[in-house]
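To start, the structure under review is shown below, and the notes come after it.
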Amino acid sequence: MLGFTALILASVVGHDGPDPVAAWEFAPKYVRDGVLRARLGADAKVTGAPKASPTPLGDCLALDGKQDGFELAGSFTDQRTPWPKERLTVEAWAAVNTPEGFGGFLSVLQDNGNAERGFVLGYTGDRFAFGLATHGADDGDGKMTYLKAKRPYENGRMYHVVGTYDGKTMRLYVNGKLESTSTEQRGPILYPAKAPVGLGAYRDDEEHVRLHGRLSRVALYDLTATPDGIEHLYEHRQALAEAQPVIDEPAEFTSVVEPYLQHPSATEMTVMWETSRVASSTVYFGPSKGQLKAVSAEPGRIHSVRLTGLRPESHYVYRTESVDAAGKKLESPLLTFRTAPASEDRAVRFTIVGDTQDQPAVNRRIAEHMWNERPDYFVIVGDLVGTGANKVHWTDHFFGSMRPLLSRVPLIPVIGNHEGDARLYYDYMNVPAPEYWYRFTYGPVEWFIVDSNREVGPGSEQYQWLEKALASSKARWKFVAHHHPPFSSDEDDYGNLWEGQSTRGDLRLRPMTALYEKYGVDIVWNGHIHSYERTWPVAKGQASERGPIYIVCGGGGGGLETHGPTRPEFSSRVRHGHHYCVVSIHQNRFEMRAFDIEGRQFDSLILQK
C-alpha cells in the first residue's frame, strides 16, 4: 500500500498517489444552485443557509446547528462512493461552537441499543471522538468502540481531527497528535444494511444532530494514514488551527437563560444569566425598586455578577441588564432574594431533590412545589440534566422548567454522572473552587459537597480534603452530599436482586462512611437511584442507635426505579415515585418531610440534638 506521504504529494503538487474516495471542501465557491459540489464522491443538497466565515486560507461555511446542513440523497448504499471495507482514514477540519452529547462531521451509522454499526468522526460533549464497529469484535453484536480525545476542544476554534483503522487498531488524532487508541475492534468494517449519511452531522434513522460550528474540509480514504502522514496533513493547513476562535453571533439578541442565583452567604450573592450575544453584564440591586445601585462584571454570553456588602438575613430586589455591541438592551423583570443569617441560632429552611434529568414536565411540577415552600435555598444532588454536554438540556429542560424558583432562590448543585464532567456544568454553576468539591455554611448547617464520579477512596485528594474539612468544622449540623449512595435497596444498580446478590450500594463510597461516623455527620444526601430511601442511623454498615442517616432523594425527573424484593437491615423507609424533600432547622431541632409529585407527604423525620 502506498504511504500516506504520497497522498500529501498528490494533493499538493500533483504527484501520482492514492486519492480520497470522498472529499468535500466547505466554501461558498463549491455551492451552486443549492448544491454542495463534492471534490470526490456524491454531491449534497444544502439545507438552511450556511454562511461564509473567513479563515486564513479562505472562507469556510458556518452552520447554525438548527436548519443548516448537507443532505446526500437516499441511504449510503445508494451513493456512488466506494465506502472503505478493510481499513479507513476519515479526516475533518472543523470547529464546534456548541457541544452536544453526540455530534458528527461525517457519519455512516445506525445506533439501536447494542446493535451499533458503521462509523462516525465527530465529538461527544467537549471531546473529539471517533467511533467504529467491525465484524470481528468480541461482542459479536456490532457494539461500537468510541475513542475520545484526552483534552477538551475550545469552542469556536478550528481543529484537524482524524480517525484511522487498519483492521486491528483504531486511532484518533487531533492537530497531528495521537490522542487515543483501541484494539477492541478487528476485521472488516460492519456497516448497517441501510443508513443516511451524516455530513456535518451525527445522523441515523432516529437521530439527526446538526453541527453548530464551522466546516472547512471532510475527506474519507480507503487506506490507513501513518502518523507522519497525518502530521503533514495538519501542517499543510496549520494556519486554520492557529487562527483565533470564531463564534458566530445570532441574528437576534435574546435571553437564552433568565437570571438565577448561586453561592449564597450572609453578605454576598451571585446572579447569573445568559444572552445570545456577547454583551455587558450589570445587576441593579437594593432593598426596594427605588433604591437600586449597579454592579458590573466582564462582558460575555454567560454572565456572572457577584454582589457583595449585603446585610445578613435581608430581603433584596434585583434586575439584570445586558447591552450588545449594537446598543440593543435586554432587561429582566424585578426579582428578589434573601441573604443568609449571620447567626447559627436563626431558623432556616431548604428543599432538596436529585436527578431532575430527562423529564422537564416532572421537573416543573416539583420546582413549583418547592417554590411554594419559600425555601432559603435548594439543593440538587446530581444529574441536573440528562446529558451535561447537550446545551438544550440545560437551556430548555433545566433552566426552562424551574421558574420562578431559580430566579428567587439560590441553587446548591452537586455534580452527577449525567453531567459527564462537561464544560457546560462549570460554565453554568458558580461554586467555590475546585467546583466539583466544596463546602459552605448557611445558618446552623455546614455542607460538604463531594464529586462521587471521581476517586474518593482513602488517600485520594477528595478523601483527604473531606477529613480535614470535617475535623475543622464547628457547625451544629453537618451534612454531606454526593450523587452516588453508599447504601441502597435498589433492585439492580448494584447487582440484580431478582436473580442473585447485590452490594446494596456503591462500594467505592463505603470507606467514606468511616469519616462520617468519626466526625459526627448528621445526614448524607444522595441521588442516582430514582426513588426515595431513608436509612436508620448507620454505623459500620449496620443500623445503629447512633450514626449518620442516609437519604436517597433521586425522584426529580429521571425514569423511576424500583427497590429490590428483600429489604436490607439498614433501610427504614422506601418509596417509589417522583418526590422532593423539605427541611426546616431551628437551633437543635431538625425536621424533614418528603412529598410526592402531588404534594402529599409520605415520610417525615425529626431529630433533636
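The values are calculated or read from the model by the stated rules, or taken from the named source; none is laboratory data. These numbers were taken from a predicted model, which means no experiment stands behind them. Positions of Cβ are generated from backbone atoms using ideal geometry, with glycine treated the same way; all protein chains shown enter the neighbour counts. Only protein heavy atoms, including side chains, enter the accessible area calculation; ligands, DNA and RNA are left aside. Shrake-Rupley method; radii C 1.70, N 1.55, O 1.52, S 1.80 Å.
Could you state the orientation-averaged shadow area of the convex hull built on the Cα atoms of the range 368-437, in nm² to one decimal? Present the calculation step by step, with values, prior to reporting the outcome.
Values: hull surface 18.2 nm².
Approximately 4.5 nm², given one-decimal rounding.
Of the cross-linked pairs 85/143; 518/609; 51/329; 143/168, which ones have a Cα-Cα span greater than 24 Å in the structure shown?
Pairs exceeding the cut-off: 51/329.
Probe of 1.4 angstrom, ligands and nucleic acids ignored: what's the accessible area per residue over the range 146-271, in square angstrom?
It amounts to 40 Å² per residue over the range 146-271.
Please work out how much length the chain gains when fully extended from residue 183 to residue 331, using 0.36 nm per residue of separation minus the C-alpha to C-alpha distance, in nm with one decimal.
Full extension from residue 183 to residue 331 adds 47.8 nm.
When you count, for each residue, the other Cβ atoms within 10 Å and take the mean per peptide, how do 255-265, 469-479 rank with the highest first? Write down the numbers at each step before the final one.
Values: 255-265: 20.3, 469-479: 17.3.
Descending packing order for the listed peptides: 255-265, 469-479.
Treating the Cα atoms of the range 454-502 as identical point scatterers in vacuum, please give the log10 of the normalised Debye intensity I(q)/I(0) at q = 0.13, 0.26, 0.27 Å⁻¹, two decimals.
Those come out to -0.50, -0.99, -1.03, one per q.
Evaluate the charge dipole of the chain about its Cα centre and quote only its size in Debye, nearest 20, assuming +1 on the Cβ of each Lys and Arg and -1 on the Cβ of each Asp and Glu. Walk me through the intermediate numbers first.
On the way: 66 positive and 77 negative charges, 328 e Å.
That gives the chain a dipole magnitude of about 1580 debye.
Quick check: convex hull of the Cα atoms in the chain, volume per residue, rounded to a whole Å³?
So the per-residue hull volume is 163 Å³.
Shape call for the range 157-249 from the C-alpha gyration tensor, a ≥ b ≥ c root eigenvalues: rounded (a/c under 1.5), prolate (a/b greater than b/c) or oblate?
Since a/c reaches 1.5 but b/c is at least a/b, the shape of the range 157-249 is classed as oblate.
Name the shape class, rounded, prolate or oblate, that the alpha-carbon gyration tensor gives for the range 413-568, where a ≥ b ≥ c are the square roots of its eigenvalues, rounded holds for a/c under 1.5, and otherwise prolate holds if a/b is larger than b/c and oblate otherwise.
Judged from the Cα gyration tensor, the range 413-568 comes out oblate (a/c at least 1.5, b/c at or above a/b).
Normalised by the number of residues in the chain, what is the relative contact order in percent for Cα pairs under 8 Å and 6+ residues apart?
Here the relative contact order equals 10 percent.
Can you give the convex hull volume of the alpha carbon atoms of the range 82-238 per residue, in Å³? Spell out each step's value before the answer.
Values: hull volume 15.0 nm³, N = 157.
Per residue, the Cα convex hull of the range 82-238 comes to 95 Å³.
Can you tell me the Rg and the Dmax, both Å, for the Cα atoms in the range 550-609?
Calculated on Cα positions, Rg and Dmax stand at 13.0, 39 Å.
Counting just the Cα atoms, what span does the range 181-232 cover along each of its three principal axes? Round to the nearest Å and put the largest first.
On the principal axes, the range 181-232 reaches 36, 30, 19 Å in Cα extent.
Among 227, 287, 200, which residue has its Cα furthest toward the positive end of the charge dipole of the range 190-287, with +1 on Lys/Arg Cβ and -1 on Asp/Glu Cβ?
Of 227, 287, 200, it is 200.
So what does log10 I(q)/I(0) come out to for the range 262-413 at q = 0.09, 0.13 Å⁻¹, using the Debye formula with one equal point on every Cα and no solvent?
Debye curve over Cα of the range 262-413, log10 I(q)/I(0) at q = 0.09, 0.13 Å⁻¹: -0.30, -0.64.
Could you bin all the Cα-Cα distances of the range 220-278 into 5 Å bins starting at 0 and give me the percent of pairs in each, rounded to whole numbers?
P(r) over the range 220-278, rounded to whole percents: 4, 12, 11, 10, 9, 9, 9, 9, 10, 9, 5, 2, 1.
Work through the residues other than residue 569 whose Cβ is under 15 Å from its Cβ and net out their charges, Lys, Arg +1 and Asp, Glu -1.
Result for the local shell: +3.
Place the peptides 310-318, 292-300, 351-359 in order of packing, highest mean first, counting for every residue the other Cβ atoms within 10 Å and averaging per peptide.
Those peptides, ordered most packed to least, come out 351-359, 310-318, 292-300.
Going by average Cβ neighbours within 10 Å, how do the peptides 547-554, 129-136 rank, with the highest at the top?
Working: 547-554: 26.4, 129-136: 22.5.
In decreasing order of mean packing, 547-554, 129-136 become 547-554, 129-136.
Taking all pairs of different Cα atoms in the range 299-380, averaging 1/r and flipping that mean, what Kirkwood radius in angstroms comes out?
Kirkwood hydrodynamic radius for the range 299-380: 15.9 Å.
If you roll a 1.4 Å probe over the range 338-378 with all protein chains in place, what percent of the accessible area is carbon or sulfur?
Carbon and sulfur: 39 percent of the exposed surface of the range 338-378.
Report the Rg/Rh value for the range 473-560, based on alpha-carbon coordinates and the Kirkwood definition of Rh.
Working: Rg = 13.2 Å, Rh = 13.4 Å.
Dividing the radius of gyration by the Kirkwood radius yields 0.98.
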